[in-house]
Amino acid sequence: MTHLIAVYRQQLKTAIAEQLQYRAALVIWLIEVALGPAVSISVWSTVARNEGGEVNGYNPSGFAAYFIATMLVNYATQTWVFWEFSRRVREGEFSPLLLRPVHPIHADIAQHLAYKILMLPVIGLVTLLLWLAFHAGFTPSPASLATFLPALLLAFALRFTLEWTLALLAFWLTQVNVINQLYVVVVLFLSGQLLPLSFLPAPLQAITAWLPFQWMVAFPAQLLSTGLSSQAVVTGFLAQLLWLLLGLGLLNLTWRRGLKRYTAVGG
Amino acid sequence: MRTYLRLLWTFFRISILGELAYRASFWLQIAESLIDLGTALAFVSVVFSSTRALNGWSADELLTLIGVYFLIGGTINMIIMPGMNRLIEQVRQGTLDYVLTRPADAQLLVSIQQIDVWKLLDVVLGMALLVGAMLWHGGLPGPFQLLAFALTLLAGAVIIYSFVLFLATLSFWYVRMENILVIFESMYEAGRWPVDIYPGWLRAILTFVVPVAFAVTVPAEALTARLTWLVLAGTLLLAALALLASRLFWRFAIRYYSGASA
């Protein structure tokens, strides 16, 4: 365990140093990250105003709170491994990673954490600006606010596990971009990023109940923006744990099979 | 003028020939464009299941707007962006020298030098969506509206072109301009909705800092009969001014350019 902690410390240090080279990218990221919620809030606030101030229990400041919360959760849980993996496999970059005495997933986790730590001031600034510009109204109870952080951590673990597994598809397929793009769209709609899930048509809502996506974004976001009943909180945590266990099993299986298929090219 | 059209066609043909070697990417591009379009349509349908009009825009009118968004976006990504990205690269590496020595107008050459043929798909999809939305709305609009649409579409494209050229020309002084183009591309995404739904500050940015409003909302307004003469005249005037200003700026920058390769 202490060994692993040392590995993480070193990985974090290198990853932060690496990322600091690309400071201009931070500004781009700031605009990209702020624009999405700003557009969503504007669209749905307009809908609410057209419908007499409220739809489905959301008024403009409720929408603002919801979309700021999803932005925060999305920032905390987002990964981009599945965009990098196909290059890693194709160009043989994977071979040196495999030679190291630790599982390569740890390097990826550390890299993501480093990025998120670096982005923290940016995301804080964006949150503040959006909050003021759209008069967001957060109304969670202290109890559901207290459950927010554990839910966020589980959401990150779940999303990371699933997306790392998805990334492993690159062992079998050479062209994964379309699959990745489809995945991103599905997550956009079914995780609650684009709209509160109660706005989806009924059949889709029924499907989302059986999928892991809402536990990655919508669940923590609702804990932060409006709060949830204690029953919903318990259901949420159970679902997160269950999906996480399933995901870990799937990851293990795919990883072992993928490794057998992997034959390094170049490197 | 005819020489320039022939030049454009030549560049286009070269790009097609180059791309035909990679036929698999045709299908990938189709899939990508369709996913993009499907996402936009799904979002619109969800929004309109909660309301009947978005700030006065009905569902078919909003589809018109999305059609314009794809049409203009496809054009930008097909001709303008690839050329400008390459220009920035050429300035950095000093290979712009070879362009400048060619016996044709350098601004024109850099503007059409690189064409991403596959983005033609977005243009076609956008047009199909436009026609579909108009049929749903109940037939083609009148000749005046069509004329206003054509004019504002052209003006919007010219404004965007001038703006991007202006940004790319800045690379004569600042080396890291490709990042600015990425910002422009992500700001363009806000154009899939009419700018009048945004709060004042954001609308101002999308109108005057990143002129997405002129490229998408104004042509869509022309087609859905909500454009006033004043806005039409203003848009055309702005397009002419923008083109002139970017041209002058380009000329000025070229004189400043001293070549890095030699």
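Any idea what the dipole of region B:83-141 comes to, in debye rounded to 20, about its Cα centre with Lys/Arg Cβ at +1 and Asp/Glu Cβ at -1? Present the calculation step by step, with values, prior to reporting the outcome.
Numbers: 4 positive and 5 negative charges, 4 e Å.
Taking the Cα centre of region B:83-141 as origin, the dipole is about 20 debye.
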Other protein chain Cβ atoms within 10 Å, averaged over every residue that makes up B:44-51: 5
Extension gain, residue B:150 back to residue B:228 (0.36 nm per residue minus Cα-Cα distance, nm): 26.6 nm
FRET efficiency, 1/(1 + (r/R0)^6) with R0 60 Å, evaluated for residue A:174 and residue A:230 via beta carbons: 0.80
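Between residue B:27 and residue B:108, what is 0.36 nm times their sequence separation minus the Cα-Cα distance? Round to one decimal in nm.
That pair, residue B:27 and residue B:108, stretches by 26.0 nm at full extension.
What FRET efficiency, computed as 1/(1 + (r/R0)^6) with R0 = 30 Å and r the Cβ-Cβ distance, is obtained for residue A:3 and residue B:179, rounded to the nearest 0.05?
0.15
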Ratio of Rg to Rh over region B:33-106 (Cα coordinates, Kirkwood Rh, two decimals): 1.29
Peptide B:52-59, shielding by other chains (average Cβ, 10 Å cutoff): 2
Part-to-part distance (alpha-carbon centres) for region B:114-174 and region A:189-241, which is given in Å: 39 Å
Among B:112-125, B:147-160, the order from most to least packed when residues are scored by Cβ within 10 Å on average: B:147-160, B:112-125
Spatial extent of region A:29-125: Rg and Dmax, with the Cα atoms as the point set, Å: 19.3, 62
From the C-alpha gyration tensor of region B:157-243, square roots of 5λ in Å: 25, 16, 10
Where Rh is the Kirkwood radius over Cα pairs, Rg/Rh for region B:103-148: 1.24
Cα extents of chain B along the three principal axes, largest first (Å): 63, 44, 35
Charge dipole (region A:2-261, unit charges on Cβ, about Cα centre) - positive-most of A:53, A:222, A:28: A:28
Cβ-derived FRET efficiency at R0 30 Å, residue A:99 paired with residue B:20, nearest 0.05: 0.15
For the protein assembly as shown, calculated [θ]222 nm from helices alone, where every DSSP H run of n ≥ 4 adds -39500 (n - 2.57): -24000 deg cm²/dmol
Dipole moment magnitude, nearest 20 debye, the protein assembly as shown about Cα centre, only Lys, Arg, Asp, Glu C-beta charged: 1040 debye
Cα gyration tensor, region B:128-205 - rounded (a/c under 1.5), prolate or oblate: prolate
Candidate lysines for bridging to residue A:116, where Cα separation is under 19 Å - those fewer than 8 sequence places away on the same chain excluded: A:13
Between region B:210-262 and region A:123-166, the alpha-carbon center distance in angstrom: 40 Å
Extent along principal axes [Cα atoms of region A:68-118; Å; largest to smallest]: 41, 22, 15
Relative exposure of B:57, B:250, B:173, B:193, judged by other C-beta atoms within 10 Å (fewest first): B:173, B:250, B:57, B:193
Binned Cα-Cα distances of chain A, short to long, each 5 Å bin given as a whole percent: 1, 5, 11, 15, 18, 17, 14, 9, 5, 3, 1, 0, 0
Equivalent-ellipsoid semi-axes of region A:147-260, from the Cα gyration tensor, Å, largest first: 27, 17, 11
For the protein assembly as shown, projected area of the alpha-carbon convex hull averaged over all directions, nm²: 27.7 nm²
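Just so you know, all these numbers are worked out from the coordinates, no wet-lab data involved. Computed from a prediction, not measured in an experiment: that's the story for all the values here. We place every Cβ from the backbone using ideal geometry, glycine too, and count neighbours over all the protein chains shown.
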